[in-house]
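Accompanying notes for the structure given below.
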Amino acid sequence: MVDLAIAEEQIAVQVSDLRIRGTVPDTELVRGVSFTLPRGGTLGIVGESGSGKTLTCAAVLGILPKQVERSSGTVEIFGRDTANFGKQEWVDVRGNIISAVFQDPGSYLNPSIRLGRQINEVLRVKKGLSRKQAKQETLRLLSAVHLRDPELVYDQYVHELSGGMLQRVVIAAAIAPGPKILIADEATTALDVTVQAEVLDLLTELKEREGLSLVVVSHDLAVVAQICDEVLVMRSGAVVEHGSTTEVLHSPQDDYTRLLISEHERYGLDRIIDSERLAVA
Amino acid sequence: MLRNAVRVPSGRIAAVLLGIIFFLAVFGPLLAPYPANNTVAAQLEGPSGAHLLGTDYVGRDVLSRMLAGSTLSVLGALMVVVIAFVVGAIPGLLSVYLGRVFEWVSLRVVDTMIALPFLVFAVAMTALLGNGVVQSMFAVGILLSPVFFRVARSSALSVAQSQYVEAASLSGASTAWVMRKHFLAKVLPPISIALSTTMATGLVVIASLTFLGIGVQPPTATWGGILAADLQYIAIQPLAPLVPVVVILAAVLGCNLFADAVRDVSGEAGRQLLSARAARKAGQVTLISRALIGLRKGGELG
Amino acid sequence: MALTESLTRRGSQLPDATPLLDARNIHVAFGKRRGRKPVIDAVDLQVHAGEIVGLIGESGSGKTTIARAVLGLAPVAGGQIHVAGEEVTGFSGSQWRDFRRRGVVQYVFQDPLRSLDPDVLIGDSISEPLRIRGGFSKDEIKAAVCAQAAEVRLDEGLLDRFPGEISGGQRQRAAIARALITEPKLIILDEPVSALDAATRVQVLEMLLSLRSDSVGLLYISHDIGSVIGITDRTYVLYRGKVVEHGSTRMLGTEPKHIYTRLLIGSTPTLTGKALDGAQRRELRDELEALTV
């Protein structure tokens with residue numbers, strides 16, 4: 001039922017003037033955010049803690065915490081308005097259509113169950129696979145995320161893997177039910193630089209191979225610049241900059257964006273390796 | 001910490017209540033208008049000019065008995081507290097600094113004590129030490145010591161492993177300096193809370209034991225004993241049994257309110273509360289509600 | 001020693017050639033006998049006056065262990081460490097205490113929320129090293145604290161607050177003020193800006209640059225290549241406990257030689273996206289594995 005509807009839709013996620021309120025104390029946490037994620041596109045959201053980026057993603061996934069609620073605006077996933085989604089509709093959509101990975105992979109996995117079983121569980125619940133089929137598919141997924149020894153990882157526990165490997169396992173679990181949209185919220189922030197690069201490579205590869213639409217959220221403009229076509233910069237709950245990556249980097253409209261760019265130019269690799277100067281007022 | 005604790009309403013009430021109780025404990029017997037153990041008037045008289053709280057079933061002045069009994073009741077509770085503190089807090093603190101063997105042994109001893117059923121232990125102690133208030137209080141003190149062990153140990157451990165202590169060491173601080181400047185402020189609140197709640201427990205225990213007639217021979221006045229003796233006459237002279245009840249309640253309430261006050265002014269919530277008060281006094285408008293609810297800074301939903 | 005006396009003793013007493021930090025052939029290992037694992041292996045490191053030296057490494061590289069070894073917090077199994085001309089390897093506990101009291105070396109932690117006592121006022125935290133040393137009057141201490149607060153651009157009104165009441169950037173500035181108050185010759189900073197937001201990061205990095213003087217040397221430890229490139233003159237690259245490359249920071253960034261350095265630089269995201277592509281990185285990684293096995 002759901003698949004038929006989305007086959008024609010070219011817009012994966014459409015957010016229009018989304019506003020989110022906190023109830024205790026009463027403040028507006030997200031003030032009118034709008035963006036469009038086309039099918040197969042990559043959108044980057046740059047912002048620091050308090051910018052509202054995580055709340056926006058939570059709203060798109062329907063996982064806003066208790067003291068927080070959407071006060072106005074629309075969120076459409078493949079053309080379907082999620083404002084009045086009930087429990088069952090969210091269950092149908094999560095995993096199958098839209099999925100997410102977050103910052104601390106270890107905390108999203110059960111420390112006392114072997115990793116293979118945890119991915120199996122996703123497959124059996126979401127796709128109704130038998131135990132045998134699930135195991136095969138899990139092994140395929142583990143090698144698709146470039147884990148060197150999928151058979152070994154299948155039997156391992158959380159504490160036996162490094163941060164980078166765990167993040168790959170979480171990505172495998174997230175794409176297991178075959179979603180069309182993947183949100184990566186600070187997914188590489190806690191990882192070493194070389195591992196981060198590998199995970200970003202992986203996300204790009206998955207996008208190309210499986211046709212995923214990606215949302216990459218980070219506080220680091222450079223991370224977003226690496227793999228996203230479009231960039232959204234958020235600050236204090238509002239969008240202060242929005243455009244294609246080249247536009248935003250070459251003609252930033254907002255001071256905050258300019259600050260981020262100049263930081264990289266002054267205190268980053270950009271300072272010494274590139275002849276291409278970015279326009280910073 | 002004490003200065004801060006009396007700034008909050010619960011602390012002020014606690015200070016008043018505890019002040020009265022300790023005053024009674026120290027000066028009570030001296031202030032009694034009549035000898036506590038002698039019959040001085042008719043039995044079970046109501047309150048009058050001569051006897052403010054009336055007389056009990058033998059004709060003794062209730063007020064005098066209550067005052068006379070204060071010392072024993074409060075002292076007994078204090079004894080519990082002191083024993084629990086010494087037996088618990090000192091090994092607790094040392095278990096962090098004296099090495100693995102001592103740590104292991106002390107932890108296992110405490111685990112065993114916690115596993116023992118309270119009453120069984122009390123009875124066994126009585127069999128061992130004899131039947132008396134002092135012995136019972138001693139046993140109760142030992143039984144309540146694990147709390148102090150845990151509190152002292154966990155405070156010492158968290159401070160010992162903290163970065164600010166490491167920073168002080170990197171500037172050449174001695175252990176004594178770290179104790180004075182960093183450890184004391186951290187351990188004082190939880191220990192004070194443990195002291196006051198244990199005091200409350202001690203008061204109730206000694207009242208219960210004297211109520212049951214254990215350890216103190218009549219006609220010695222104790223709060224529990226007075227209650228026991230006069231309870232059956234409650235319909236005729238309600239003040240006789242109720243007066244000790246009120247005093248015990250007041251004492252226990254004072255202890256618990258003090259613990260609440262300390263809790264309110266300590267830790268993150270405490271610091272916010274105090275800074276909110278200071279800001280209010282200075283005339284600035286702050287989000288008092290935020291401080292009072294105890295919302296942590298940095299708990300933004302970004 | 002009176003504060004005024006030490007204030008006039010600005011300028012190094014050592015001949016310029018003597019490094020403020022001279023670590024040679026350092027070995028640090030943890031564990032006993034069969035389980036003994038080398039964490040730092042034959043590392044040479046120098047910091048001279050007037051320099052800001054970087055130490056880059058990823059998690060598990062041992063960069064924090066080196067700092068701890070220099071400060072006497074990690075057991076050094078082999079090699080020698082000289083700080084401001086004095087040998088510190090083999091110091092006993094009380095020798096370390098006396099040495100630390102002199103305030104010659106100072107350390108700035110990564111997270112000021114943890115390195116500042118939450119129940120101590122900012123002003124008192126900043127003055128703690130002086131008060132531990134002793135011998136200063138209240139006025140002298142107050143003057144020193146205000147001077148350092150000004151140096152790190154920390155508003156004086158914040159000195160009477162608790163750490164929980166001020167922002168992350170202000171906290172880190174307070175921590176740096178605490179490190180500066182004894183007029184150290186060597187300052188070691190371990191990830192001083194990673195817990196801060198963008199605007200504050202820039203301010204603190206600028207402030208660190210302004211600390212450069214001919215009586216002080218800075219050792220800046222980080223996994224963030226960006227900030228290391230931004231403020232250091234020379235850098236050491238640490239991989240699995242060994243220094244794989246070192247030299248001028250600019251050279252390291254533009255012409256890295258060792259495979260690991262190339263992988264590191266090639267993995268760092270840049271605004272113009274000119275880092276290596278996935279395939280190249282995989283190649284380098286495989287080469288690296290082959291090398292270190």
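Brief remarks follow.
- Working note: 222 nm ellipticity from helices only, DSSP H runs with n ≥ 4, each -39,500 (n - 2.57), summed and divided by the residues of chain A, gives -12000 deg cm²/dmol to the nearest 500.
- As a rough footprinting exposure proxy, the listed residues C:237, B:96, B:101 were ranked by other beta carbons within 10 Å of their own, and the order from fewest upward is B:101, B:96, C:237.
- Of the residues B:209, C:122, A:244, the one whose Cα sits farthest toward the positive end of the charge dipole of the protein assembly as shown, with +1 on the Cβ of Lys and Arg and -1 on the Cβ of Asp and Glu, is B:209.
- Cα-based helix-to-principal-axis angle, B:133-143 vs chain B, degrees rounded to 10: 20
- Sorted ascending by nearby beta carbons within 10 Å, beginning with the fewest, C:272, A:257, B:198, A:246 become A:246, C:272, A:257, B:198.
- Crossing angle, helix B:184-211 versus chain B [Cα axis fit, 0-90 degrees, rounded to tens]: 20
- Rounded to the nearest 10 degrees, the angle from helix A:131-144 to the longest Cα principal axis of chain A is 40 degrees.
- Just so you know, the Cα atoms of the protein assembly as shown work out to an Rg and Dmax of 34.0, 108 Å.
- Over chain B, Cα pairs under 8 Å with separation of 6+ residues give a relative contact order of 25 percent.
- Shown for A:108, B:97: other C-beta atoms within 10 Å of each C-beta, ranked fewest to most, produce the order B:97, A:108.
- Residue (of C:278, B:229, C:107) at the positive-pole extreme of the protein assembly as shown, dipole from beta-carbon charges: B:229
- Magnitude of the charge dipole, chain C, Cβ model with Lys/Arg +1 and Asp/Glu -1, debye to 20: 840
- Student exercise, the protein assembly as shown dipole from Lys, Arg, Asp, Glu Cβ charges, in Debye to nearest 20: 2300
- Computed helical MRE - 222 nm, chain C, DSSP H runs ≥ 4 contributing -39500 (n - 2.57), nearest 500: -11500 deg cm²/dmol
No value in this document is a laboratory result; all are computed from the given coordinates. Because the structure is a prediction, the values reported are computed rather than measured. FYI the Cβ positions are ideal-geometry reconstructions off the backbone, even for glycines, and counts take in every protein chain you see.
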